[in-house]
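**Student:** Got a structure here, written out as structure tokens. Questions coming.
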Amino acid sequence: MDEFEKFKAAVYGQESGNGAVPTDKPNYAGARGKGQILEATFKGLQKNGAIPANYEWSNPVHNEAASDAYMAEAWQAADADPRRAAAYYYGGPKAIKGGGIVEFGDRKNAKAPTTVQYAEQVASRMGLAPAAPAKPTTPRALSAVELGIQRTAIQPSNRDIGTELQEDRAAREAKEAAMPTFGDIAEAAFGDNT
């Protein structure tokens, strides 16, 4: 059995126990058949010519043909990488990006596996060794250079900071004293009415 056939068997095993589980009616997510394919995916395969236009989603033979076609699409899109192909089959094209798997879960069923978990489950059914866990990244502080901050030398001052603060305060008080009050403004506008 070639790798693609192993992949198909693993996906069918994952989705329905190779047809052992009743799949004639849609599940909670709206998927049905041995490969648990969504009707929208089925129709998309018809539209792009992967399966005949006269196929019926409710027909188990047609449904399996659609699942096979979608697995072939996933296999090709994932460059024959079983884990990435499984993630694509499970989560759609958005589940693979840049040689990796985009991890997300099922919004309708919190107990369902994520795309990464599903991919590992399929890989395990194929007899593949577990993937090396992704190394967690620890956030680190960025340097001034990385942030684009240029350092400048602080010129030493002969003045003491207390003197500078007092001068700043005196300048601010002088500026405030020079500002007209509301009474000054009213008098200038309306004259002295006292």
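The values are calculated or read from the model by the stated rules, or taken from the named source; none is laboratory data. Note that the coordinates shown come from a computational prediction; the quantities given were computed from them, not determined experimentally. Cβ: placed from backbone, ideal geometry, glycine included. Neighbour counts: every protein chain shown. Heads up: the accessible areas ignore ligands, DNA and RNA and are worked out on the full protein's heavy atoms, side chains in. Shrake-Rupley method; radii C 1.70, N 1.55, O 1.52, S 1.80 Å.
**Student:** Which ³J(HN,Hα) values in Hz, rounded to whole numbers, follow from the phi angles of the range 42-47 under the Karplus curve 6.51 cos²θ - 1.76 cosθ + 1.60, where θ = phi - 60° and Gly and Pro get x?
**Tutor:** Values, residue by residue: 4, 5, x, 5, 5, 4 Hz.
**Student:** Same structure, new question: Return the distance in nm (one decimal) between the two label points of a simple spin-label model at E56 and E173, each offset 7 Å from Cα along Cα→Cβ.
**Tutor:** Result for the modelled spin labels: 9.5 nm.
**Student:** Whenever you get a sec, line up M1, M179, M71, M126 from highest to lowest accessible area (probe 1.4 Å, protein heavy atoms). Display every interim value, and only then the final one.
**Tutor:** Numbers: M1 160, M179 115, M71 0, M126 25 Å².
Reading off the accessible areas and sorting them downward yields M1, M179, M126, M71.
**Student:** Let me ask another. How much length would be gained if the chain were fully extended between K108 and N18, taking 0.36 nm per residue of separation minus their Cα-Cα distance, in nm to one decimal? Could the numbers behind the result be given before it?
**Tutor:** Details: separation 90, 0.36 × 90 = 32.40 nm, distance 2.35 nm.
The K108-N18 span can extend by a further 30.0 nm.
**Student:** Still on this model: Kindly identify the range 1-108 as rounded, prolate or oblate by the Cα gyration tensor criterion: order the square roots of the eigenvalues as a ≥ b ≥ c, call it rounded if a/c is under 1.5, otherwise compare a/b with b/c, prolate if a/b is larger, else oblate. Walk me through the intermediate numbers first.
**Tutor:** Values: a/c = 1.39, a/b = 1.34, b/c = 1.03.
Because its axes are fairly even, with a/c under 1.5, the range 1-108 counts as rounded.
**Student:** Which order, highest average first, do 10-17, 44-51 follow once you tally other Cβ atoms within 10 Å for each residue and take the mean per peptide? All intermediate terms of the calculation are to be shown ahead of the outcome.
**Tutor:** On the way: 10-17: 20.6, 44-51: 15.1.
Ranking, from highest mean packing down: 10-17, 44-51.
**Student:** Along the range 51-60, what does the Karplus equation 6.51 cos²θ - 1.76 cosθ + 1.60 (θ = phi - 60°) give for ³J(HN,Hα), rounded to whole Hz, x for Gly and Pro?
**Tutor:** Couplings: 9, x, 5, 8, 5, 10, 4, 7, 7, x Hz.
**Student:** Let me ask you something else. Return the long-range amide H neighbours of I96 (sequence gap of 5 or more, or a different chain), with a cut-off of under 5 Å between placed amide H atoms.
**Tutor:** Those qualifying (amide H under 5 Å, at least 5 residues apart or on another chain) are V102.
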